[in-house]
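Asker: Got a structure for you, written out below as structure tokens; questions coming shortly.
The values are calculated or read from the model by the stated rules, or taken from the named source; none is laboratory data. If you're wondering where the values come from, they're calculated on a predicted model, not measured in any experiment. No Cβ is skipped: glycine too gets one built from the backbone with ideal geometry, and neighbour counts run over all protein chains shown. Accessible surface areas use protein heavy atoms only, side chains included; no ligands, DNA or RNA. Shrake-Rupley method; radii C 1.70, N 1.55, O 1.52, S 1.80 Å.
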Amino acid sequence: GAVVSQHPSWVICKSGTSVKIECRSLDFQATTMFWYRQFPKQSLMLMATSNEGSKATYEQGVEKDKFLINHASLTLSTLTVTSAHPEDSSFYICSALKRLTSTDTQYFGPGTRLTVL
Amino acid sequence: ILNVEQSPQSLHVQEGDSTNFTCSFPSSNFYALHWYRWETAKSPEALFVMTLNGDEKKKGRISATLNTKEGYSYLYIKGSQPEDSATYLCARPNQGGKLIFGQGTELSVKP
């Protein structure tokens, strides 16, 4: 397997503030990382693909100015929720893509629970 | 739109019971099916990546089968233990290679 960490594991913030979530690949270099969001009782929904050294690509309906992604190194991607509002409260989880000989596998962090008051 | 469906949504079994659940997906443009186990407060753990029709993979008491022609995969757990309690997710890459997840099956194993 592989180890991916995510920090913080939970955060509570006031409406209007910005929150940064870090995703680190601890034991392999990841040129590609993914950010997902999960609403209660729903699937993991892909928000964006984070590419090292280039701009992230966002899924349809995800505001790139709202959810800023930076992938400045091969082991770190950050997601910043800007001007957070209560509707941004959710569970955010990242994964790092490991390219294997047979097929690619994503290794996940433990997730971040964001609550916006 | 690629829809991945899992059933049942939740399952409660007694320790020692064997159990199975289903992942259904469109069979067109298939090239892989992923199974993950997600325990509370932990990272989802990759269990299997399956690519070939008729594939069967095994990891301890857990095994999975794949039917790409009819678009389903089964996950089996033999002799369930309390530590098997988790949400089991399946996911299929879309044409862009991005994983599309099912809602998961939440398994609870009572001692």
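Asker: Working with all protein chains in place, sort B:17, A:27, A:65 by solvent-accessible area computed with a 1.4 Å probe, largest first.
Answerer: Numbers: B:17 65, A:27 90, A:65 115 Å².
Sorted by accessible area, descending: A:65, A:27, B:17.
Asker: Where a Cα-Cα gap under 29 Å defines reach, which lysines qualify for residue B:57, not counting those fewer than 8 residues away within the same chain?
Answerer: Qualifying lysines at Cα under 29 Å: A:41, A:98, B:42, B:69, B:78, B:98, B:110.
Asker: In whole Å, what are the Cα extents of chain A along the three principal axes, biggest one first?
Answerer: The principal-axis extents, from largest down, are 45, 28, 24 Å.
Asker: Given a 1.4 Å probe and heavy atoms of the protein chains only, how would you sort A:39, B:48, largest accessible area at the top?
Answerer: On the way: A:39 80, B:48 15 Å².
Listed by decreasing accessible area, they come as A:39, B:48.
Asker: In whole Å, what are the Cα extents of the protein assembly as shown along the three principal axes, biggest one first?
Answerer: 49, 38, 34
Asker: The range A:1-43: which chymotrypsin sites (Phe, Trp or Tyr not before Pro) are DSSP loop and have at most 15 other beta-carbon atoms within 10 angstrom? Intermediate values should be presented prior to the final figure.
Answerer: On the way: sites: A:10, A:28, A:34, A:35, A:36; in loops: A:28.
Those satisfying the criteria are A:28.
Asker: Tell me the accessible surface of residue A:24 in square angstrom (1.4 angstrom probe, heavy atoms of protein chains only), to the nearest ten.
Answerer: 90 Å²
Asker: Heavy atoms only, 1.4 Å probe, whole protein assembly: order B:76, B:88 by accessible area, highest first. Present the calculation step by step, with values, prior to reporting the outcome.
Answerer: Details: B:76 85, B:88 0 Å².
Descending accessible area places them as B:76, B:88.
Asker: Under 14 Å from the Cβ of residue A:117, count the other residues' Cβ atoms, weight Lys and Arg +1, Asp and Glu -1, and hand me the total. The partial results should precede the final answer.
Answerer: Details: positive: A:14, A:113; negative: A:87, A:88.
Around residue A:117, the charge tally is 0.
Asker: Find the Cα radius of gyration of chain B, compare it with 2.2 N^0.38 Å by division, and give the number to two decimals. Before the final figure, lay out each step's value.
Answerer: On the way: Rg = 13.4 Å, N = 111, 2.2 N^0.38 = 13.2 Å.
That ratio works out to 1.02.
Asker: With a 1.4 Å probe and every protein chain left in place, tell me how much accessible area residue B:62 has, in Å² to the nearest 10.
Answerer: Roll a 1.4 Å probe over it and residue B:62 shows about 10 Å².
Asker: Along the range B:97-111, what does the Karplus equation 6.51 cos²θ - 1.76 cosθ + 1.60 (θ = phi - 60°) give for ³J(HN,Hα), rounded to whole Hz, x for Gly and Pro?
Answerer: x, 8, 6, 10, 9, x, 6, x, 10, 8, 9, 10, 10, 8, x
Asker: Using alpha-carbon positions, what is the distance between the centroids of the range B:14-49 and the range A:3-82, in Å?
Answerer: 23 Å
Asker: What is the dipole size for the protein assembly as shown, taken about its Cα centre, with +1 at each Lys and Arg Cβ and -1 at each Asp and Glu Cβ, in debye to the nearest 20? Write out the running numbers ahead of the final one.
Answerer: On the way: 22 positive and 20 negative charges, 46 e Å.
I would put it at about 220 debye.
Asker: Any lysines with Cα under 23 Å of the residue A:14 Cα? List them, leaving off those in the same chain fewer than 8 positions away.
Answerer: Reachable lysines: A:64, A:66.
Asker: Same structure, new question: Would you pull out the residues with amide H under 5 Å of residue A:56's amide H, same chain only if 5 or more places away, H placed 1.01 Å from N?
Answerer: Result for residue A:56 returns A:51.
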